[in-house]
Amino acid sequence: MTLLQKALCDKTFVCIMEFVPKPSAQRFSAVAALMARSQLCGWPLTLAIADRVGSPLDMSPLDAFHSLERPVPALLHFSGKDRERRDLLAQLPRMDAAGVDQLLLLSGDRLPGHRPGERPVRYLESVAALQIVRQARPHWWLAAALNPFKYREEEGGAQYFKAEKKLAAGADCFMLQLGFDAQKHLEAMAWMKRQPNPKPLIACILALTQGRARMLEHVAGVVVTPSMRALVDAEAAVSKNYARERSVNRLALQVIGLRLMGYAGINLSGIHDLEQLLALEQAISTWQPQLQSLEQWAPAWEASWRMPGLPAVTFNPPDANWRLGESSVSASPQEQARYRLLHGFHSLLFSRTTWASRAFGWAVRRPVWSTATGARWLHRLERGLKRPVLGCDTCGNCRLEDTLYICPETCPKGLANGPCGGTSLNRCEFGDRECIHGIKYRTAKTVGQTAVLTERLIPCVEAGSRHRSSWPRWFDGASSAAQAPLPDKKPE
Ligand code: SF4
């Protein structure tokens, strides 16, 4: 059992230092110095190594792990960006050889240069990745991501629906997106406590300064509101030292608050040297004796976000403040009509039970369609019929029944199980459309099919099945999520 697993098992608050690997000896020696400290305020300190934060050419977490002066049991990240099942499976034996058995599985944010409509980029999504690793390595410790910092119902509701799938797929722990909104941290904790088999939550945090607030504006899924920016700007205008002190103070308060909320630990970003770590430790030690309950903590936290002459800071974007449990959206008449029409059509032709469906299934499984020419024509026919209506990309494994008849290939990342964390007020991370998973959420809620979005774990599309007709496979019974192998139960 690694230090991280033991801490979570013993319910000891744990600190994870996030390391974004770069081939720089200075960075590696800074990490070594931080890890040599081995604790923060007496809490065990361990390492996470990020994957593909910049580009696919970044140093891999495993290579970074091997480059550490003194190897520490690290939590490796695996980003699904521009990857397929085979890439994930290829990593597992390398991790075995390195003695690493813990992995955070992420779909990944937008690959630099990926523009919809240009070169297709595949993302191995986290739910499918969890299923793959859980089956291949039932005893490994697997973490998944959750972004609770959502302020519209569709995007927030869809996040939690997908998180239910991640639990079903075998997640042992959830790592939250970087965020500052304590109400959302509480909300995520309340959600987890309601799950039949709750898992630990770890919050990702960083000391917010003026420079970082500017940088975070370009990080998908991280919310820094205008009033937060105004505050860090005002702090920086006083002096660099003042701004630094205030940001470390807030970080210390956030650590204390998260611990009081029941978080299992923190994932610290932006700590690059021992001096920063010691400054944080000093601030936590100063505050901790006075703040023994959330009631004592809340006024100190609020005060840390106030400055004379500035309006109160709000953590929700202007004009959007959805909270988990609030339910007001419903599908438009057009969305409902679309769903009902496609559902009726699907039931008629693809249910495998009506005479029309059986006849269609018989027709598309004739040997003629197995020949190269026949397969090409069947592919053309399916694409010609479905692309104008659904945006079909003939992935060869139709998942429409499990996605409320909204084709997952119309998501720029091709995600089928739910949204990534990068949406902003229902808009896709790519900025050019409403997130399809928000539309799915609205439709599912209105037509009474939300279980489809929480229970059906949709496996990834295999590289070799793309650009073929999905029909023969569908009628062979190999296409729906219902046939997807469920993960083996991890031994307790
Ligand atoms: S899931 Fe695949 S086959 Fe079905 S509509 Fe989308 S791209 Fe086409």
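Since every read-out is calculated from the coordinates, none of them should be taken as a lab result. All values derive from a computational prediction rather than experimental measurement. Counting neighbours? That spans all protein chains shown, and the Cβs are built from the backbone with ideal geometry, glycine included.
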Inset, instruction - Could you grab the relative contact order for the chain? Cα pairs under 8 Å, six or more apart, rounded to a whole percent. - result: 18
Legend entry - Cα long-axis angle, helix 333-350 against the chain (0 to 90 degrees, to the nearest 10): 50
Legend entry - Binned Cα-Cα distance frequencies in the stretch 217-302 - 5 Å width, integer %: 3, 12, 19, 23, 23, 16, 4, 0
Inset, instruction - Quick one: give the max-minus-min coordinate of the C-alpha atoms of the chain along each principal axis, largest first, in Å. - result: 75, 52, 42
Inset, instruction - Would you pull out the residues with amide H under 5 Å of LEU104's amide H, same chain only if 5 or more places away, H placed 1.01 Å from N? - result: LEU76, HIS77, PHE78, ALA143
Inset, instruction - Note the angle between two axes, namely the Cα long axis of helix 226-238 and the longest principal axis of the Cα atoms of the chain, as a number of degrees from 0 to 90, rounded to the nearest 10. - result: 30
Inset, instruction - Using only C-alpha positions, report the orientation-averaged shadow area of the convex hull of the stretch 245-400, nm², one decimal. - result: 18.4
Inset, instruction - Go through 156-166, 324-334, 47-57 and give me the packing order, highest mean Cβ count within 10 Å leading. - result: 156-166, 47-57, 324-334
Legend entry - CD proxy at 222 nm, helix term only [per DSSP H run n ≥ 4: -39500 (n - 2.57); per residue of the chain; nearest 500]: -14000 deg cm²/dmol
Inset, instruction - With an 8 Å cut-off on Cα pairs and a minimum separation of 6 or more residues, tell me the relative contact order of the stretch 333-483 in percent. - result: 29
Inset, instruction - Please determine, in degrees from 0 to 90 and to the nearest 10, the orientation of helix 436-447 with respect to the longest principal axis defined by the Cα atoms of the chain, where the helix direction is its Cα long axis. - result: 70
Inset, instruction - Over 28 Å, how big is the tail of the calculated P(r) for the stretch 333-483, in percent of all Cα pairs? - result: 19
Inset, instruction - Tell me which residues come under 5 Å, amide H to amide H, from ALA48 once H is placed; ignore anything under 5 positions away on its chain. - result: MET17, GLU18, PHE19, LEU75
Inset, instruction - Please provide three numbers in whole Å: the alpha-carbon extents of the stretch 1-43 along the principal axes, with the largest listed first. - result: 36, 19, 14
Inset, instruction - Might you report the magnitude of the Cβ-based charge dipole of the chain about its Cα centre, with Lys and Arg at +1 and Asp and Glu at -1, to the nearest 20 debye? - result: 1520
Inset, instruction - Using only the alpha carbon atoms of the stretch 4-90, find the Kirkwood hydrodynamic radius as the inverse mean reciprocal pair distance, in angstroms to one decimal. - result: 14.0
Legend entry - Signed unit charges on C-beta, dipole axis of the stretch 1-137, positive-most listed residue VAL72, PRO116, PRO56: PRO116
Inset, instruction - Could you please rank ASP402, ASP96, placing first whichever residue has the fewest other Cβ atoms within 10 Å of its Cβ? - result: ASP96, ASP402
